[in-house]
Each structure stands twice: as C-alpha cells, then as structure tokens.
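Inspection log for the structure reproduced underneath, given as structure tokens.
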Amino acid sequence: MPGHYWEASQGRAWVGRMATGDDLVQEIERLCTEMEIRAAWVTVVGAVRHASFAYYDQEDHRYLELESNEHHEISGFVGNISIRDGLPFLHAHATFCSQNGSAVGGHLLPGCEVFVGEVTIREMKGVDLVRTPDEVTGLSLW
C-alpha cells in the first residue's frame, strides 16, 4: 500500500522559553490552541526534572508507559502538531540524557516537567492534518 503525502508551505513561526515547572506536552498544546495552530513542526532544546515517555508495542497495539525521575538534558526532540478530537495534538519523540551520558526516550507523554525549554513552532499551511483511527497499526494517524 502506498504512503500518503501532501504539500505544505511554511506559515507563522513562534520561538519562546517555557517556564520552569511547565508540563512539556501540555504547554505546547496550550500555546497551539491559543494561537489557533492546526499543523506545525515542533522542536525543543532544554532539560527536564521528570521524563514521561512510551514505547509502542506493534504486536499488542498498546503503549508501554515509562518514566524517569532523574534530571535529564533533552538531547533530541522532533515533533508535529495536528488535530485530534478537534484540538491541537502534539506527537513527539524525545531522547533524554542523564548525567552519566546514558539515554532513554520514546514517544513523549504528558508529565514531563520542564527545567528549561526553548521551543520553536513552525506552522504548516495548505494541509489539514487530522488524526483518525488506523486499523492496521491501531494508532490515530493523518
């Protein structure tokens, strides 16, 4: 089965610093709701006091939730905004690095407490990215 692709153009852009203690996921979704952002690329540089993430079990079609109470640098973060259940939804994967250099990460979940977060949101125009259930994967996809 072929993939699905759409052409998008760049719209508005936002850069900013999150407040210490913010929930990483909830703050990005709040801003996107407030600014009426329906599709975007998202990147974050910073650190967290607590990390919440998941691994998707492809056979069981369920997320295995994981967390770490260590302080971590965000050593990688790639994500996008689309619409799910009528609201902006952040789909992001992040890698968190501990003091000794070991890394953990996966699908980002609410519950990541920001120590410092510099966020860039680049709006996509000309696309309508709405997540709907996909029977093959068990996920909500564009």
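Among the candidates Ser52, Ser102, the residue that is within 17 Å of the chain's Cα centre (by Cα) and of a type in the set (Ser, Thr, Tyr) is uniquely Ser52.
Among the residues making up segment 9-26, those that are of a type in the set (Val, Ile, Thr) and either open to solvent by less than 30 Å² (accessible area, probe 1.4 Å) or not in a loop (DSSP other than H, G, I, E, B) (or both) are Val15, Val25. Counting only strands (runs of 3 or more DSSP E) that sit wholly inside segment 27-140, those with at least 3 residues that are closer than 16 Å to Val15 by Cα and open to solvent by 10 Å² or more (accessible area, probe 1.4 Å) are 40-57, 72-84, 113-125.
The values are calculated or read from the model by the stated rules, or taken from the named source; none is laboratory data. Keep in mind that this is a model prediction, so the values were computed, not measured. Remember, those area values only see protein heavy atoms, side chains included, never the ligands or the DNA or RNA. Shrake-Rupley method; radii C 1.70, N 1.55, O 1.52, S 1.80 Å.
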